[in-house]
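Okay, structure first, notes after.
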Amino acid sequence: MSSLDNNAQYPVGEHPNWEPPVSNVGVIGWMKHNLFSSRLNTILTLLAIYLLYTVIPPVVQWAILDADWVGSSKADCTGEGACWVYINVWWKQIMYGRYPDAELWRVQTAYVLGLVGLIPLMIPNFPKKKWISAYLLLLFPFMAYVLFSGDNLGLKLVETPLWGGLFLTLVIAITGIVASLPLGILLALGRRSNMPVIKTLCILFIEFWRGVPLITVLFMASVMFPLFLPQGVNFDQLLRALIGVALFAAAYMAEVVRGGLQAIPKGQYEAAQALGLSYWKTTIFIIMPQALKLVIPGIVNVFIALFKDTTLVSIIGLFDFLGMIQLVNTNPDWLSFAIEGYVFAAVIFWFFCFGMSRYSQHLEKKLHTGH
Amino acid sequence: MKFFNSLAALAVLGATAVVHVASAATLDDVMKKGFIQCGVSQGLPGFSNPDEKGNWTGIDIDVCRAVAAAVFGDANQVKYTPLSAKVRFTALQSGEIDILSRNTTWTLTRDTSLGLNFAGVNYYDGQGFMVPKKLGVKSAKELDGAAVCTNLGTTTELNMSDYFAANKMKYTPVVFEKADEVVAAYDAGRCDVYTTDRSGLAAQRLKMKDPDAHTVLPETISKEPLGPVVRHGDDQWLDIVKWTLFAMVEAEEQGITSKNVDDKLKSDNPATKRLLGVEGDMGEKLGLSNKWIYNIVKQVGNYGESFDKHVGPNTPLKLTRGVNALWNKGGLMYPMPIR
């Protein structure tokens, strides 16, 4: 290369292929292009580096280097850093609440049963996905219910006040997700229906549930509702919360799905009608597959919001994941570890929400068949 | 919060309108279902909090366990319903729980208008002030002009403003929704003083970076008698809970503990014999077995034992008996005679 002369003249078409200048390729080129392309960008980059420098080392120092990882009591937390022993000691309660030790295998079995269905669904081109979905949506909730609450098939009854921790969060979130999608689709169709009664009912339902905050729904379900029941008749607290969460999410889901329906051009309906398809065939085979695909980000948004909203159930005396973390922090022996608890909660919540978000992006890409 | 308070008020109104004419005897219901449903807090150190095995423990829990011991002879026949401050009374009114043992202050309004009865006091609390030692403040009277951290919308806020107004002092309230936020703000120096109930101060102090750098001032600016609550209109059940409390204190007064209760069965002292059911029919008068106090003391302990185990000087909370000492030791714990 060095023999090549920059200023040399070459005949047309015989100019050799030179390497790009060193300052335009590789790490340096990337930095020059993206970080230091102008004066303002240079200042912003330096500021950002300074910010990261002030934040990251202390966090790493606290969370990892100075942290105490092993032990079984508060005395093992001598360091300046985080006391992960705390999470360790209370692990069982944070994960399962007060579910009896001897029965924990039932929750774990249900987790495995759920994953057995979920993992193949995520693998592209796995055969018989329809059957797996049917298993997950119809058979699995039933099996999980039997396993969790028991009182039949020789399983001991485990009452819902003993459920708690991440387990309860998953129960509420998954019930909400599984119930709200079909319900939301039906509501969305109802709202666009030509039948006045159905249309009015759907609008009333959606606008009512969208009009009240979830915390009020839960509060009413837990405080007002029992007063209208005869004394001695008790409706399970968790069931009340589950119904509230599911209906609430369904109303939001309905509006998301309706957004998708509105984006489908009229020609699609007309073409389907011209082929002689009935309303349901049109909806199931022509409209819905296109509409749902369009609103995947919106649907996942509702799921993620729902997952995070489950923490509100702590106001009605249920101990979800976050509630349990706050509860175990009231043990007099472990009072000073609120931060560890919250950090742990944040990490787990992030893990779930980010997971859902990534999967939805993957779905979008896969289903983006173009028109 | 105002919104929820009015909602709660509405709920209570509903309760009194629908009126659950205090139906059948709670004792019969409880006997039939085989356990006591006990409303507790959502975690309050030393009063009701979970232990590492997931069981509820604390002095509020011990009240429920003692009633279970008196009724069934087995302190473990209790199920707990954790309740937030807002739903606790409704849960009792609607019959979801049999006893509310959840650090609830006995006030006239609650006793009358909510359709409830307070069965007694198991902890005399009161609002206090905590300050950093380095401020050198020795009395709450010196707090003129201070910034005070506290929780939003509780009686704590009201007591504080009353106290400062009565003493013609100025202050700046720094108010937060959650206890954790209040502690964090105080610990970060955003205010000079932290005020809440004294038992709460003891617990929150442990959350500070350096608990020893803070001190609780001697003044107590409010009365917070905390005790178990039952539904209005069931006198037998009220009696059982009330006398269970007295029995625990009386046992301490007579020096009967969970360790020596079996020896005390052989005691010649007529009062002890009566207490432990060796003689007399104290239990039958309540509709219980005559061994009821024996069962309480054997399985739960006397009042002093319960106090020491959960909040006393040997626990992290390090609360002294103070006004919660027996009446003959300068405190307010005065059991009515069991005879």
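Bear in mind that the values in this text are calculations on the coordinates, not laboratory data. Here the structure is a predicted model, which is why all the values come from computation and not from measurement. All Cβ positions, glycine included, derive from the backbone under ideal geometry; neighbour counts span all protein chains shown.
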Pairs of Cα atoms under 8 Å, at least six residues apart: use those to get the relative contact order of region B:127-216, whole percent.
45 percent
Percent antiparallel among DSSP beta bridges with both residues in region B:127-216, to the nearest 5?
45 percent
Over chain A: helical MRE at 222 nm, DSSP H runs n ≥ 4 each giving -39500 (n - 2.57), nearest 500
-19000 deg cm²/dmol
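With a Förster radius of 30 Å, plug the Cβ-Cβ distance of B:Ala25 and B:Leu332 into 1/(1 + (r/R0)^6) and report the FRET value to the nearest 0.05. Working shown, then result.
On the way: r = 31 Å, r/R0 = 1.04.
About 0.45, to the nearest 0.05.
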Cβ density ranking, 10 Å radius, fewest first, applied to B:Asp210, B:Asp234, A:Asp76 yields B:Asp210, A:Asp76, B:Asp234
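Taking only the alpha-carbon atoms of region B:68-178, what semi-axes of the equivalent ellipsoid follow from 5 times the gyration tensor eigenvalues under a square root, in whole Å, largest first?
37, 16, 14
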Counting partner chain Cβ atoms within 10 Å of every residue's Cβ in B:79-92, what's the average?
4
In a Gaussian network model over chain B where Cα atoms closer than 10 Å are linked, find which of B:Tyr303, B:Tyr171, B:Tyr80 has the largest mean-square fluctuation.
B:Tyr171
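What number, rounded to the nearest 500 deg cm²/dmol, is the helix-based mean residue ellipticity at 222 nm of chain B, given -39500 (n - 2.57) per DSSP H run of at least four residues and division by all its residues?
Calculated mean residue ellipticity at 222 nm is -11000 deg cm²/dmol.
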Apply the Debye scattering formula to the protein assembly as shown, with a single equal point scatterer on each alpha-carbon and no solvent, then give log10 I(q)/I(0) at q = 0.10, 0.12 Å⁻¹.
-1.12, -1.43
How many Å³ per residue does the convex hull of the Cα positions in region B:209-276 occupy?
204 Å³
May I ask you to derive the relative contact order of region A:97-206, considering only C-alpha pairs under 8 Å and at least 6 residues apart, and to give it as an integer percent?
26 percent
Please find, in a Gaussian network model of chain B (springs between Cα atoms separated by less than 10 Å), the residue of B:Asp263, B:Asp144, B:Asp162 whose mean-square fluctuation is greatest.
B:Asp263
Kindly state, as a whole number, the per residue volume in cubic angstrom of the convex hull around the alpha carbon atoms of chain B.
138 Å³
In Hz, Karplus ³J(HN,Hα) per residue of region B:108-118 (6.51, -1.76, 1.60; θ = phi - 60°; x = Gly, Pro)
4, 4, 5, 5, 9, 7, 9, x, 10, 10, 8
Estimate the FRET efficiency between B:Asn314 and A:Leu204 by the formula 1/(1 + (r/R0)^6), using the beta-carbon distance for r and 45 Å for R0, to the nearest 0.05.
0.15
If the only charges are +1 at each Lys and Arg Cβ and -1 at each Asp and Glu Cβ, what is the size of the charge dipole of region B:210-339 around the Cα centre, to the nearest 20 debye?
240 debye
With θ taken as phi - 60° and the coefficients 6.51, -1.76 and 1.60, list the Karplus ³J(HN,Hα) couplings across region A:111-120 in order, rounded to whole Hz; mark glycine and proline as x.
4, 4, 4, x, 5, 4, x, 6, 4, x
Simple spin-label model, 7 Å along Cα-to-Cβ: B:Asp262 to A:Phe225 in nm?
4.9 nm
Within chain B, the percent of DSSP beta bridges that are antiparallel, given to the nearest 5, stands at 55 percent
Exposure-ranked with fewest Cβ neighbours within 10 Å first, A:Asp320, A:Asp309, A:Asp151 stand as A:Asp151, A:Asp309, A:Asp320
Dipole check, the protein assembly as shown, charges on Cβ (K,R +1; D,E -1), about Cα centroid: among A:Gly317, A:Ala144, B:Ile97 the Cα furthest to the positive pole belongs to A:Ala144
For chain A, averaging the sequence separation of alpha carbon pairs under 8 Å that lie six or more residues apart and dividing by its residue count, the contact order in percent is 16 percent
Modelling each spin label as a point 7 Å along the Cα-to-Cβ direction, I'd like the A:Trp105/A:Lys129 distance in nm, to one decimal.
3.5 nm
5 Å is the cut-off here: which amide hydrogens, built 1.01 Å from N in the peptide plane, fall below it relative to B:Gln37, excluding neighbours closer than 5 in sequence?
B:Lys79, B:Asp98, B:Ile99
I need B:Asp62, B:Asp111 ordered by Cβ neighbour count within 10 Å, fewest first.
B:Asp111, B:Asp62
What ratio of Cα Rg to 2.2 N^0.38 Å holds for region A:202-284?
1.62
Computed about the Cα centre, the charge dipole of chain B from +1 Lys/Arg and -1 Asp/Glu charges at the Cβ has a magnitude in debye, to the nearest 20, of 400 debye
With a 4.7 Å Cβ cut-off, tell me which Cys residues in chain A come up empty for a partner.
A:Cys202, A:Cys353
Just name one of A:Ile87, A:Ile174, A:Leu104: the one whose Cα is farthest towards the positive end of the charge dipole of chain A (beta-carbon charges, Lys/Arg +1, Asp/Glu -1).
A:Ile174
Please work out the Cα center distance from region A:243-277 to region A:308-335, rounded to the nearest Å.
38 Å
What does the structure give for A:219-225 when I average, per residue, the other chain Cβ atoms found within 10 Å of the residue Cβ?
6
The protein assembly as shown: antiparallel bridges as % of DSSP beta bridges, rounded to 5, reads 55 percent
Under 5 Å, built H, 5+ apart or other chain: amide partners of B:Tyr123:
B:Leu226
Computed label-point distance, nm, for sites B:Thr107 and B:Thr155 using a 7 Å Cα→Cβ extension:
0.5 nm
What are the residues whose amide H is under 5 Å from the amide H of B:Thr215, where those residues sit 5 or more places off or on another chain and H is modelled from the backbone?
B:Val131, B:Lys133
Among A:Lys74/B:Lys309; B:Lys259/B:Lys309; B:Lys79/B:Lys223; B:Lys207/B:Lys318, the pairs whose Cα-Cα distance exceeds 20 Å are B:Lys79/B:Lys223
To the nearest 20 debye, what is the magnitude of the charge dipole of region A:174-306 about its Cα centre, counting +1 on the Cβ of each Lys and Arg and -1 on the Cβ of each Asp and Glu?
280 debye
